[in-house]
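**Student:** Structure incoming, see below.
The values are calculated or read from the model by the stated rules, or taken from the named source; none is laboratory data. These numbers were taken from a predicted model, which means no experiment stands behind them. Because the Cβ atoms are built from the backbone with ideal geometry, glycine has one as well, and the counts that use them run over all protein chains shown. We work out accessible area using only protein heavy atoms, side chains counted, and drop any ligands, DNA or RNA first. Shrake-Rupley method; radii C 1.70, N 1.55, O 1.52, S 1.80 Å.
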Amino acid sequence: MKPIRLFLCVLLALAASSPLAWSDSAIPRRANIILIVADGLGPGDLSCYGQTQFQTPNLDKLAAGGIRFNNYLAGGVADSPALASLVIGKNTSHLPGMDYSLTASDLTIAQLLQDSGYRTCLMGAWTLGDQHSVGAPWLHGFGEFEGYFDTTDAQNPYPSSIWQYCPRFYNAENKMGIFNDRETIYKNAGGKNAEYTSDLLTDWAVNYIRNNQPLWFNHYRPFFLVLHYPIPGNGNLVFPSDAPFSEESWPQPEKNRAAVIARLDGHIGQLLEQLNKFNQASNTVIFFTSDTTPQKGGGVDPKFFRENSSPDDLRVPLIVLAG
(Lines give C-alpha, C1' and ligand atoms only; values in the text may rest on other atoms or scores of the structure.)
Protein backbone atom coordinates (compact mmCIF):
# COMPACT_ATOMS: atom_id res chain seq x y z
CA MET A 1 0.00 0.00 0.00
CA LYS A 2 1.65 3.24 -1.15
CA PRO A 3 1.24 6.81 0.24
CA ILE A 4 -1.17 7.76 -2.53
CA ARG A 5 -3.55 5.20 -1.05
CA LEU A 6 -3.40 7.01 2.30
CA PHE A 7 -4.33 10.18 0.44
CA LEU A 8 -7.36 8.37 -0.95
CA CYS A 9 -8.25 6.96 2.47
CA VAL A 10 -8.44 10.49 3.92
CA LEU A 11 -10.66 11.57 1.06
CA LEU A 12 -12.90 8.57 1.63
CA ALA A 13 -13.12 9.45 5.33
CA LEU A 14 -14.21 12.92 4.30
CA ALA A 15 -16.66 11.73 1.65
CA ALA A 16 -18.25 9.26 4.03
CA SER A 17 -18.88 11.90 6.64
CA SER A 18 -21.53 13.94 4.88
CA PRO A 19 -21.89 17.24 3.00
CA LEU A 20 -18.83 18.88 1.48
CA ALA A 21 -20.04 22.48 1.59
CA TRP A 22 -19.33 24.77 4.54
CA SER A 23 -21.92 27.37 5.45
CA ASP A 24 -22.91 29.48 8.41
CA SER A 25 -25.89 27.26 9.13
CA ALA A 26 -25.67 24.11 11.21
CA ILE A 27 -24.57 21.06 9.25
CA PRO A 28 -24.52 17.33 10.02
CA ARG A 29 -21.44 16.35 12.03
CA ARG A 30 -18.40 15.17 10.13
CA ALA A 31 -15.40 13.35 11.52
CA ASN A 32 -12.29 15.13 12.71
CA ILE A 33 -9.13 13.77 11.08
CA ILE A 34 -5.75 13.50 12.81
CA LEU A 35 -2.71 12.40 10.81
CA ILE A 36 0.24 11.54 13.08
CA VAL A 37 3.55 11.09 11.27
CA ALA A 38 6.65 9.78 13.04
CA ASP A 39 10.15 10.02 11.56
CA GLY A 40 12.25 6.95 10.82
CA LEU A 41 9.92 4.50 12.56
CA GLY A 42 9.69 0.89 11.41
CA PRO A 43 7.07 -1.79 12.07
CA GLY A 44 9.62 -3.63 14.19
CA ASP A 45 9.76 -0.73 16.64
CA LEU A 46 6.21 -1.38 17.88
CA SER A 47 4.92 -4.24 19.99
CA CYS A 48 1.67 -4.36 18.00
CA TYR A 49 3.84 -5.41 15.03
CA GLY A 50 5.60 -8.15 16.97
CA GLN A 51 8.48 -6.33 18.69
CA THR A 52 9.08 -8.07 22.04
CA GLN A 53 11.86 -6.10 23.75
CA PHE A 54 9.47 -3.50 25.20
CA GLN A 55 5.83 -2.49 24.95
CA THR A 56 4.09 0.38 23.14
CA PRO A 57 0.68 0.09 24.85
CA ASN A 58 -1.02 3.18 23.45
CA LEU A 59 -0.19 2.35 19.84
CA ASP A 60 -1.19 -1.25 20.60
CA LYS A 61 -4.55 0.09 21.78
CA LEU A 62 -4.88 2.13 18.61
CA ALA A 63 -4.17 -0.95 16.50
CA ALA A 64 -6.47 -3.19 18.53
CA GLY A 65 -9.40 -0.84 18.01
CA GLY A 66 -8.67 -0.08 14.37
CA ILE A 67 -6.84 -1.49 11.37
CA ARG A 68 -3.13 -2.36 11.31
CA PHE A 69 -1.58 -2.50 7.83
CA ASN A 70 1.36 -4.85 7.29
CA ASN A 71 2.47 -3.81 3.81
CA TYR A 72 2.21 -0.03 3.77
CA LEU A 73 5.19 1.59 2.05
CA ALA A 74 6.89 4.89 2.85
CA GLY A 75 7.15 7.38 0.02
CA GLY A 76 10.96 7.10 0.04
CA VAL A 77 14.09 7.35 2.16
CA ALA A 78 14.42 11.16 2.00
CA ASP A 79 12.22 13.45 4.09
CA SER A 80 10.94 15.89 1.44
CA PRO A 81 9.69 13.44 -1.22
CA ALA A 82 8.31 11.11 1.46
CA LEU A 83 6.29 13.96 3.00
CA ALA A 84 5.21 15.18 -0.43
CA SER A 85 3.83 11.77 -1.30
CA LEU A 86 1.75 11.87 1.87
CA VAL A 87 0.22 15.31 1.41
CA ILE A 88 -0.28 15.40 -2.37
CA GLY A 89 -0.71 11.67 -3.02
CA LYS A 90 1.93 11.36 -5.73
CA ASN A 91 4.37 8.53 -6.17
CA THR A 92 7.90 9.81 -5.50
CA SER A 93 8.99 8.66 -8.96
CA HIS A 94 6.91 11.60 -10.25
CA LEU A 95 8.71 14.11 -8.03
CA PRO A 96 11.96 15.75 -9.16
CA GLY A 97 14.94 15.57 -6.82
CA MET A 98 15.49 14.69 -3.17
CA ASP A 99 14.63 18.18 -1.83
CA TYR A 100 11.21 18.68 -3.32
CA SER A 101 9.32 21.92 -2.71
CA LEU A 102 5.62 22.22 -3.50
CA THR A 103 4.65 24.25 -6.53
CA ALA A 104 1.67 26.59 -6.76
CA SER A 105 -0.22 23.93 -8.71
CA ASP A 106 0.27 21.10 -6.19
CA LEU A 107 -3.01 20.23 -4.48
CA THR A 108 -2.75 18.93 -0.92
CA ILE A 109 -5.08 17.01 1.36
CA ALA A 110 -5.26 20.11 3.55
CA GLN A 111 -6.53 22.26 0.67
CA LEU A 112 -9.27 19.77 -0.16
CA LEU A 113 -10.38 19.54 3.44
CA GLN A 114 -10.13 23.28 4.06
CA ASP A 115 -12.23 23.93 0.97
CA SER A 116 -14.84 21.54 2.33
CA GLY A 117 -15.08 23.39 5.65
CA TYR A 118 -12.44 21.83 7.88
CA ARG A 119 -10.20 23.81 10.20
CA THR A 120 -6.68 22.77 9.27
CA CYS A 121 -3.44 22.78 11.24
CA LEU A 122 0.07 21.43 10.83
CA MET A 123 2.46 20.97 13.75
CA GLY A 124 6.05 19.83 13.34
CA ALA A 125 8.37 19.45 10.39
CA TRP A 126 7.48 20.89 6.97
CA THR A 127 10.23 20.36 4.40
CA LEU A 128 8.24 21.27 1.28
CA GLY A 129 8.87 25.01 1.13
CA ASP A 130 9.84 27.73 3.61
CA GLN A 131 8.08 30.96 4.57
CA HIS A 132 9.37 32.77 1.47
CA SER A 133 8.32 30.17 -1.09
CA VAL A 134 5.14 29.08 -2.86
CA GLY A 135 5.51 25.83 -0.91
CA ALA A 136 4.74 27.48 2.46
CA PRO A 137 2.12 25.41 4.34
CA TRP A 138 -0.39 28.29 4.63
CA LEU A 139 -0.41 28.52 0.83
CA HIS A 140 -1.39 24.86 0.65
CA GLY A 141 -4.40 24.63 2.89
CA PHE A 142 -3.07 24.83 6.44
CA GLY A 143 -4.88 27.58 8.32
CA GLU A 144 -2.44 27.24 11.23
CA PHE A 145 1.18 26.14 11.38
CA GLU A 146 3.60 25.61 14.25
CA GLY A 147 6.83 24.02 13.24
CA TYR A 148 10.04 23.95 11.27
CA PHE A 149 11.01 24.39 7.62
CA ASP A 150 14.10 22.21 7.51
CA THR A 151 15.43 19.06 9.09
CA THR A 152 18.20 20.93 10.94
CA ASP A 153 15.62 22.87 12.97
CA ALA A 154 13.49 19.77 13.42
CA GLN A 155 16.45 17.89 14.90
CA ASN A 156 17.02 20.51 17.60
CA PRO A 157 15.78 18.68 20.71
CA TYR A 158 15.22 21.88 22.72
CA PRO A 159 14.24 24.63 20.28
CA SER A 160 14.34 28.19 21.57
CA SER A 161 11.92 29.35 18.88
CA ILE A 162 9.50 27.94 16.36
CA TRP A 163 7.75 29.34 13.29
CA GLN A 164 4.09 30.15 13.81
CA TYR A 165 1.37 31.07 11.36
CA CYS A 166 -1.94 31.56 13.10
CA PRO A 167 -4.78 34.01 13.77
CA ARG A 168 -3.98 36.31 16.67
CA PHE A 169 -5.58 39.25 18.48
CA TYR A 170 -2.33 41.15 18.57
CA ASN A 171 -2.72 44.82 17.68
CA ALA A 172 -3.67 47.89 19.70
CA GLU A 173 -7.21 47.90 18.31
CA ASN A 174 -7.67 44.30 19.37
CA LYS A 175 -8.35 43.33 15.76
CA MET A 176 -7.83 39.86 14.41
CA GLY A 177 -4.65 39.49 12.39
CA ILE A 178 -2.29 36.79 11.22
CA PHE A 179 0.88 36.18 13.20
CA ASN A 180 3.52 34.89 10.77
CA ASP A 181 6.98 34.86 12.33
CA ARG A 182 9.25 33.08 14.77
CA GLU A 183 7.83 32.69 18.25
CA THR A 184 10.15 32.38 21.23
CA ILE A 185 9.82 29.29 23.39
CA TYR A 186 10.66 30.85 26.72
CA LYS A 187 11.06 27.53 28.53
CA ASN A 188 14.06 26.79 26.30
CA ALA A 189 15.39 30.34 25.87
CA GLY A 190 18.90 31.07 27.02
CA GLY A 191 19.93 27.44 26.77
CA LYS A 192 17.58 26.32 29.56
CA ASN A 193 16.58 23.16 27.66
CA ALA A 194 13.46 22.67 29.77
CA GLU A 195 11.04 21.08 27.30
CA TYR A 196 11.80 18.45 24.68
CA THR A 197 10.61 19.14 21.14
CA SER A 198 8.11 16.25 20.93
CA ASP A 199 6.67 17.24 24.32
CA LEU A 200 6.07 20.77 22.99
CA LEU A 201 4.34 19.48 19.87
CA THR A 202 2.10 17.23 21.95
CA ASP A 203 1.17 20.05 24.33
CA TRP A 204 0.20 22.23 21.37
CA ALA A 205 -1.79 19.41 19.79
CA VAL A 206 -3.68 18.79 23.05
CA ASN A 207 -4.53 22.51 23.21
CA TYR A 208 -5.59 22.51 19.57
CA ILE A 209 -8.00 19.64 20.15
CA ARG A 210 -9.48 21.43 23.15
CA ASN A 211 -9.82 24.78 21.40
CA ASN A 212 -11.17 23.45 18.10
CA GLN A 213 -13.56 20.71 19.13
CA PRO A 214 -16.71 20.81 16.98
CA LEU A 215 -19.50 22.37 19.04
CA TRP A 216 -22.81 24.11 18.43
CA PHE A 217 -21.33 27.63 18.42
CA ASN A 218 -18.91 26.77 15.56
CA HIS A 219 -21.63 24.78 13.76
CA TYR A 220 -19.81 21.52 14.58
CA ARG A 221 -17.00 22.44 12.23
CA PRO A 222 -14.49 19.54 12.18
CA PHE A 223 -10.72 19.84 12.20
CA PHE A 224 -7.84 18.27 10.30
CA LEU A 225 -4.64 18.13 12.36
CA VAL A 226 -1.29 16.92 11.01
CA LEU A 227 1.21 16.18 13.77
CA HIS A 228 4.64 15.52 12.26
CA TYR A 229 7.04 14.36 14.97
CA PRO A 230 10.84 14.44 14.47
CA ILE A 231 11.16 11.25 16.53
CA PRO A 232 12.42 8.59 16.82
CA GLY A 233 14.69 9.82 14.02
CA ASN A 234 17.70 7.96 12.69
CA GLY A 235 20.36 8.50 15.32
CA ASN A 236 20.46 12.26 14.74
CA LEU A 237 18.67 13.51 17.85
CA VAL A 238 19.89 14.21 21.35
CA PHE A 239 17.85 12.14 23.79
CA PRO A 240 16.83 13.60 27.15
CA SER A 241 17.09 10.25 28.92
CA ASP A 242 17.30 6.53 28.28
CA ALA A 243 14.75 5.84 31.03
CA PRO A 244 12.99 3.47 31.58
CA PHE A 245 15.62 1.32 29.86
CA SER A 246 18.70 2.55 31.69
CA GLU A 247 19.37 -0.82 33.31
CA GLU A 248 18.96 -2.91 30.17
CA SER A 249 22.05 -4.66 28.81
CA TRP A 250 21.41 -3.30 25.31
CA PRO A 251 23.90 -1.05 23.52
CA GLN A 252 23.41 2.60 24.47
CA PRO A 253 22.04 3.69 21.05
CA GLU A 254 19.32 1.05 21.31
CA LYS A 255 18.40 2.14 24.84
CA ASN A 256 18.10 5.70 23.57
CA ARG A 257 15.92 4.67 20.65
CA ALA A 258 13.66 2.52 22.81
CA ALA A 259 13.25 5.41 25.26
CA VAL A 260 12.23 7.90 22.58
CA ILE A 261 9.80 5.39 21.01
CA ALA A 262 8.26 4.88 24.45
CA ARG A 263 8.03 8.67 24.69
CA LEU A 264 6.24 8.79 21.32
CA ASP A 265 3.84 6.11 22.54
CA GLY A 266 3.14 8.25 25.60
CA HIS A 267 2.30 11.19 23.35
CA ILE A 268 -0.27 9.04 21.55
CA GLY A 269 -1.78 8.24 24.93
CA GLN A 270 -2.05 11.96 25.75
CA LEU A 271 -3.87 12.64 22.48
CA LEU A 272 -6.28 9.74 22.99
CA GLU A 273 -6.97 10.94 26.54
CA GLN A 274 -7.75 14.44 25.27
CA LEU A 275 -10.12 13.14 22.62
CA ASN A 276 -11.94 11.10 25.25
CA LYS A 277 -12.04 14.00 27.69
CA PHE A 278 -13.90 16.19 25.18
CA ASN A 279 -16.06 13.38 23.77
CA GLN A 280 -14.33 13.52 20.40
CA ALA A 281 -12.94 9.97 20.28
CA SER A 282 -16.02 8.59 18.57
CA ASN A 283 -15.99 11.45 16.08
CA THR A 284 -12.33 11.34 15.04
CA VAL A 285 -10.43 9.31 12.45
CA ILE A 286 -6.77 8.80 13.41
CA PHE A 287 -4.02 7.85 10.97
CA PHE A 288 -0.62 6.90 12.42
CA THR A 289 2.38 6.24 10.18
CA SER A 290 6.02 7.17 9.54
CA ASP A 291 7.43 9.29 6.73
CA THR A 292 10.61 7.23 6.28
CA THR A 293 12.04 3.89 7.35
CA PRO A 294 14.69 3.38 10.05
CA GLN A 295 18.26 3.77 8.85
CA LYS A 296 21.49 2.79 10.48
CA GLY A 297 22.87 5.97 12.02
CA GLY A 298 24.27 7.27 15.29
CA GLY A 299 25.23 3.73 16.22
CA VAL A 300 21.64 2.46 15.96
CA ASP A 301 21.17 -0.85 14.18
CA PRO A 302 17.66 -0.99 12.62
CA LYS A 303 17.63 -4.77 13.04
CA PHE A 304 18.26 -4.71 16.80
CA PHE A 305 14.59 -4.98 17.69
CA ARG A 306 12.76 -6.41 14.70
CA GLU A 307 13.27 -4.12 11.76
CA ASN A 308 12.93 -4.39 8.01
CA SER A 309 14.87 -7.25 6.49
CA SER A 310 16.67 -5.34 3.72
CA PRO A 311 17.77 -1.75 2.94
CA ASP A 312 15.29 -1.48 0.06
CA ASP A 313 12.30 -2.54 2.19
CA LEU A 314 10.15 0.59 2.57
CA ARG A 315 7.52 -0.84 4.89
CA VAL A 316 6.48 1.45 7.74
CA PRO A 317 3.62 1.22 10.25
CA LEU A 318 0.16 2.35 9.27
CA ILE A 319 -2.62 2.21 11.84
CA VAL A 320 -6.07 3.66 11.21
CA LEU A 321 -8.66 4.10 13.92
CA ALA A 322 -12.10 5.36 12.97
CA GLY A 323 -13.85 6.33 16.18
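**Student:** Over segment 157-304, give the accessible area per residue in Å² for a 1.4 Å probe, as an integer. Please list the in-between numbers first.
**Tutor:** Details: 6630 Å² over 148 residues.
Accessible surface, normalised per residue, equals 45 Å².
**Student:** Continuing with the same structure: Work through the residues other than Ala78 whose Cβ is under 11 Å from its Cβ and net out their charges, Lys, Arg +1 and Asp, Glu -1. Walk me through the numbers on the way to the answer.
**Tutor:** Details: positive: none; negative: Asp79, Asp99, Asp291.
So the surrounding residues net to -3.
**Student:** Taking the highest mean first, how do the peptides 127-134, 260-267 order by number of other beta carbon atoms within 10 angstrom per residue? Write out the running numbers ahead of the final one.
**Tutor:** On the way: 127-134: 17.1, 260-267: 21.0.
Going from most to least packed, we get 260-267, 127-134.
**Student:** Additional query: Between Glu247 and Arg29, take the C-beta separation as r, use R0 = 45 Å, and let me know the FRET efficiency to the nearest 0.05.
**Tutor:** Numbers: r = 48 Å, r/R0 = 1.08.
For Glu247 and Arg29, the calculated efficiency is 0.40.
**Student:** How much of the accessible area of segment 152-231, probe 1.4 Å, is carbon plus sulfur, in whole percent? Don't skip to the end; give the middle numbers.
**Tutor:** Working: 1910 of 3920 Å².
That share works out to 49 percent.
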